[in-house]
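I am attaching a structure below and will ask some questions about it afterwards.
The values are calculated or read from the model by the stated rules, or taken from the named source; none is laboratory data. Since this is a predicted model, take the numbers as computed values, not measurements. Heads up, the Cβs are rebuilt from the backbone with ideal geometry, glycines too, and the neighbour counts pull from every protein chain shown.
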């Protein structure tokens, strides 16, 4: 098998359908499979997906019996693909991403011959016209510790019901600091998105694993439920001296860039859940960094 696409679905039937249709219309090989993993959706999206793909013999739906989160959920699809198809490439992509080029496989083949990459990330275009924040510099202990302290402080703010005004204050502070006063951008922020780069942290909405990666790792670190999967994955690959590549010649579309997805619009319980996930995952990153 040449390439397998893994799509994790959670209450996103229309996005998943659009993603599948983009693959069908753009992928430049017939030697491909699509594995959709439903993470115990609370709506009828899994049933709709099953009906949508029932006549498509190159697609399969796996229904998880619980919501496993991002890492474990995607690993279910990765393991299935490795066991049943043994592909050269596995693409893990969000349900709200779409292919927009018709030469993805050709470019992956060319780049693999050039670099023998373990992991590759594309240039990501968003719905609001931006290029998404990829690639990133590698994480440091100091940076993650600082972020963890921020999450702990924000947890207290959320519990007091003050998160929305806090978000406004933080936005204005960052605007003044980085746009008006031209302070240096933090090291963990995105690098030059238009330049080909190696040994960088890649954005998790669209990741291409080569078969070389799975000689050393199983997939994502399953100690996280959400967030920080990318730097942890990067550190795992660097441990084995493997290569990551950011290739802006490969371009995909990501709907998540819309401003309506703002965290500040979520309710208190969801904000606390997100904050908890950030804290727990940040601690995993620290454990990985300190073990190096």
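Answer with yes or no whether residue 8 is in contact with a helix residue (DSSP H, G or I) (Cβ under 9 Å, 6 or more places away or on another chain) and surrounded by fewer than 20 Cβ atoms within 10 Å (Cβ to Cβ).
Considered against the rule, which asks whether it is in contact with a helix residue (DSSP H, G or I) (Cβ under 9 Å, 6 or more places away or on another chain) and surrounded by fewer than 20 Cβ atoms within 10 Å (Cβ to Cβ), residue 8 comes out as no.
Does residue 64 fit the bill of being at pLDDT 95 or above and over 18 Å from the mean Cα position of the chain (by Cα)?
On the way: at pLDDT 95 or above: yes; over 18 Å from the mean Cα position of the chain (by Cα): yes.
Considered against the rule, which asks whether it is at pLDDT 95 or above and over 18 Å from the mean Cα position of the chain (by Cα), residue 64 comes out as yes.
Given the conditions (1) at pLDDT 95 or above; (2) touching a helix residue (DSSP H, G or I) at 6+ places or on another chain (Cβ under 9 Å), report the number of the one that residue 230 does not fulfil.
Of everything listed in (1) at pLDDT 95 or above; (2) touching a helix residue (DSSP H, G or I) at 6+ places or on another chain (Cβ under 9 Å), residue 230 misses just condition (2).
A further question on this structure: Do we find that residue 32 is more than 18 Å from residue 256 (Cβ to Cβ), surrounded by 14 or more Cβ atoms within 10 Å (Cβ to Cβ), modelled with pLDDT of 95 or more and in contact with a strand residue (DSSP E or B) (Cβ under 9 Å, 6 or more places away or on another chain) in this structure?
Numbers: more than 18 Å from residue 256 (Cβ to Cβ): yes; surrounded by 14 or more Cβ atoms within 10 Å (Cβ to Cβ): yes; modelled with pLDDT of 95 or more: yes; in contact with a strand residue (DSSP E or B) (Cβ under 9 Å, 6 or more places away or on another chain): yes.
Taking the combined requirement at face value, the residue satisfies it.
Could I ask something else about it? What pairs come up if the first residue lies in the range 38-51 and is in the same structural domain as residue 13 (by TED's automatic domain parsing), the second is loosely packed, with under 12 Cβ neighbours inside 10 Å, and their beta carbons are under 7 Å apart, counting only those six or more places apart or on different chains?
Matching pairs, first to second residue: 40/65; 40/66.
Taking the options 71, 81, name whichever one is more than 18 Å from residue 3 (Cα to Cα), surrounded by 20 or more Cβ atoms within 10 Å (Cβ to Cβ) and at pLDDT 95 or above.
On inspection, the qualifying residue turns out to be 71.
Then there's this: Restricting attention to the range 98-143, which residues are assigned to a helix (DSSP H, G or I) and under 27 Å from residue 214 (Cβ atoms)? Let's see the steps before the verdict.
Initial filter on the range 98-143 (assigned to a helix (DSSP H, G or I)): 104-115, 141-143.
Hits for the range 98-143 are 104, 105, 106, 107, 108, 109, 110, 111, 112, 113, 114, 115.
Here's something else I'd like to know. Scan the range 251-277 for residues that are part of a loop (DSSP other than H, G, I, E, B) and at pLDDT 50 or above and jot them down.
Our first condition is that a residue be part of a loop (DSSP other than H, G, I, E, B); within the range 251-277, this holds for 258, 262, 266-267.
Matches in the range 251-277: 266, 267.
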